[in-house]
Amino acid sequence: MTIVLTVKDLKKEWNGEVLFADVSFEISEGERVALFGRNGSGKTTLLQGLLGKISFEEGRVHRLLPQEAWGWMEQQVDLDSPLTLLEYVQSRSGEIYEMKKELEHLQSEMGAGHASEASVERYGLIYERYMQLGGYDWEVKVEKRLGQMGLAPELWSQPFDRLSGGQKTRAQLAALMVREPRFILLDEPTNHLDTQSLSDLEEWIRSYEGTILYVSHDRTFMDRTATSVLELQVNGCRRYSGGYSDYRRQKELERRTQMTLYKKQEQAKQALEQSIRRYQEWFHQAHNAARADNLDVAITASFYKAKAKKNISRYHAKQKELERLERDRVEKPREAKTLRMNLQEGAFAASTLLRMNDITFGYGTAAGEGRGNPLFKGFSLQVERGDRVGVLGPNGTGKSTLMKLVTGQLSPLSGTVALHPQASVGYFAQELHNLDESISILDSLLMLPGMTESHARTILGCFLFSRDEVYKKIGDLSMGEKCRVAFLRLFFGRANLLILDEPTNYLDIDTREVVEEALCSYPGALMIVTHDRYLARKVCNRLLLLDGRKDPVWFPGTVEEYESRDRTNRLDPAGQWAENERERLKLELAFLMGQEEPQLPEERAELMGRIAELRKRIEALSR
C-alpha cells in the first residue's frame, strides 16, 4: 500500500509546556484516519504542523504527495475577499475556475464589441480547454455539493466573509467535495451540520478514493467513516483499527490485560521482597550471634553463618531479579476519574412538569403577529417525570425557539405554556449567557445550596479541572471549559426539569460520556436539542421531530425504535403519493446530471432548464 505521509518523533511545546512528544505514524493511500484526543491535547496544532503552517521543536514530516494534491478544512476561516459563496467554492478548484473567470471576461468584451482578433482566438482556445476539463459538469457539481451541504441557492450570491461560521464550514466542505484532492485534512467537519448534511458527508467520505485525516468529536461519524483511530497523547500516539466503538473495545481489552499483568507483577514483587527479608534476617541473626561469648550461642552463630553463606548467592540473585522487575515494571492502568452524580430533584410528587397547549409562534413581527408560515401553529406538548425528550431536526426548524418558549424567554402569539408550581427549571443555552464571567470556577460552584469547598474541589477534579485551575475566572475559560462549569451548576442545582440546547458542542468525548451517564440517571425530566447522535441514542426515550415543513411529530420511543419502524405504512395516501413522486423526480434529476454536457449552447440551456425545473418540483413536494 502506498504511503502518503510519514511523521517521526514529533514534539511540540506551547508556552514552555510540552503539548506532545514522540509522535510517529504513517498514513497510507485510501485510509480514513480519525485523530482522537482530549481537548487541549494538540490535535489542531498537529494538523497545522502537517500542513507546514507551524513548526515542531523536534521530529520530521515527510510528505510523499505534492502540496497541490492536499486539501484541508479549518475550524475558523477568516477570508477578507469580495468573493461570493459560489465564487469561493469554485475558486478552490484552481485552474478550471481561473478559466471560467477568463471566459466570462472575454465574453463580456465580445458582447460589448471591444474584443480584438487575439481575444477571440484566445476565447476559442480557452473554451476548448474548459470543455476538455469538463467545465460545465464541474459547474453542476459545484451546485450539487452546495445543496448537499445545506447551502441554498439564495445564499450563493452572498459575500463569503458575511456568512456565519457554520456556513463557512459547509462551504469549505463543499469545495473539497468538488475538487477531491488526493489527501484531505479536516478539523471538526461535523460542526454546524444537520442530519441530512451529515448523512451526505458520511456517504461521500465512505466512497472517496483518496486519503483523509480528520479530527472529530462525533462518535457516530467516526463509527461510520473511520478505518482507524489515531489516539494522540502527551507521550506519543497509538493507532487502533476501526471506528470509535472498535477503539473503545480495544482500549478496554488493553486495560484489562494491563491490570492482569500488573497484579501478577505485584504478586511476584511481594514474593521476592519476602524472600529478601528472610535472607536479611538470617544475615542479621548470624551477625548478632558472632558477637556472643558463650558456647551455645557460638554454636548457634556457626549455624546461622553457614546458612547465610549458603544463601548469599540466592540473596544476590533475588535482589537482581527485583531490580529487573522494577526496571520493567508494568504501570497500574490509570482509572478514569468518575463522578457519582447524585442529581436530586427535591420533593415533587406530581407526574407532569410541563404542558404546552395550542401554541402558535412566528418571528418577523412588528405588532406581535407572525408573517408567513409560523414555526408552530396549534402545537401541544406534555412532559412527564422521567421523560428525556430529544428535540431533533435540521437547523432553522425552531428547536432553540421551542426551548425559549418553555423557559419563558419568548411568549407565544397564542396558546399557553404551563409549568407545575413546584417545577424548577435548569437551562443550558448554546451561548452560555447565564454564567457570571467575573467569578472563579470554584466560587461559581460554592454559590450552589449545600455545596462545600471539599465537595466542589472533588467534582471539579473529576471534570478535568486541576488544583490551580479552579481559581481561573470564568471569563478566561475556553468554550469547552465554560460548558463543563455550566453542566456542573446544572447537575448540582437541584432542578427537576433540565432544558439543554446543544449541550455537548464544545466538549471532548471523555466529558461527553460523563455527561451522558449523569443524564441517564437524572430523576427529573429533560428536553435536549442536539445533533450528537450518540448522545440522542443513549439518553433520549422520547422524540420530538421538527422539519420546518409540517407540524412537529411526537414519537413515544427511542432513536433506534424510530429508525427501525416502517415509516411507509404510516403515510396517508396523499403523503405516500408525494413520497413516491419525489423519489421518481430525484432519480430523473440524477440521470440528467449524470449526462455528458451537450456541445450546442441551446442544448446546454435546455438541459439546465430541465434540471432547474426538477429541483423546483422536488422542493415543492418536500414542503
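The values are calculated or read from the model by the stated rules, or taken from the named source; none is laboratory data. Being a predicted model, the structure only gives us computed values, none of them experimental. No Cβ is skipped: glycine too gets one built from the backbone with ideal geometry, and neighbour counts run over all protein chains shown. Heavy atoms of the whole protein, side chains included, go into the accessibility calculation; ligands, DNA and RNA do not. Shrake-Rupley method; radii C 1.70, N 1.55, O 1.52, S 1.80 Å.
Counting just the residues of the stretch 141-189 that are over 22 Å from residue 45 (Cβ atoms) and of a type in the set (Ser, Thr, Tyr), which one comes out modelled with the highest pLDDT?
157
Among the numbered conditions (1) open to solvent by 10 Å² or more (accessible area, probe 1.4 Å); (2) within 30 Å of residue 167 (Cβ to Cβ), tell me where residue 468 comes up short.
(2)
In the stretch 174-196, how many residues are among the aliphatic types (A, V, I, L, M) and within 15 Å of residue 221 (Cβ to Cβ)? Quick ask: steps written out before the conclusion?
Residues of the stretch 174-196 that are among the aliphatic types (A, V, I, L, M), as a first pass: 174-178, 184-186, 193.
Retained after the next criterion (residues that are within 15 Å of residue 221 (Cβ to Cβ)): 184, 186, 193.
Within the stretch 174-196, residues that are among the aliphatic types (A, V, I, L, M) and within 15 Å of residue 221 (Cβ to Cβ) number 3.
Kindly state which helices (runs of 4 or more DSSP H) lie completely within the stretch 385-489 and contain at least 1 residues that are in contact with a Leu (Cβ under 7 Å, 6 or more places away or on another chain) and closer than 30 Å to residue 355 by Cα.
Details: elements: 399-406, 441-446, 453-462.
Answer list for the stretch 385-489: 399-406.
Return the pairs, sorted by first residue and then second, in which the second residue is of a type in the set (A, V, I, L, M) and crowded, with 17+ Cβ neighbours inside 10 Å, the first residue lies in the stretch 180-208 and is over 24 Å from residue 49 (Cβ atoms), the beta carbons are less than 6 Å apart, and the residues are 6+ apart or on different chains.
197/149; 204/177
Residue pairs, Cβ under 6 Å, 6 or more apart or interchain, first in the stretch 426-442 and farther than 10 Å from residue 500 by Cβ and at pLDDT 85 or above, second open to solvent by 20 Å² or more (accessible area, probe 1.4 Å) and of a type in the set (Phe, Trp, Tyr). List them.
Hits for this filter: 440/471.
Quick one: is residue 387 open to solvent by less than 70 Å² (accessible area, probe 1.4 Å) and at pLDDT 80 or above? Walk me through it before giving the result.
Working: open to solvent by less than 70 Å² (accessible area, probe 1.4 Å): yes; at pLDDT 80 or above: yes.
Judged against the criteria, residue 387 is a match.
Please list, ordered by first then second residue, the pairs with beta carbon atoms under 7 Å, 6 or more apart or interchain, first in the stretch 117-128 and charged (D, E, K, R), second in a helix (DSSP H, G or I).
The qualifying pairs are 122/106.
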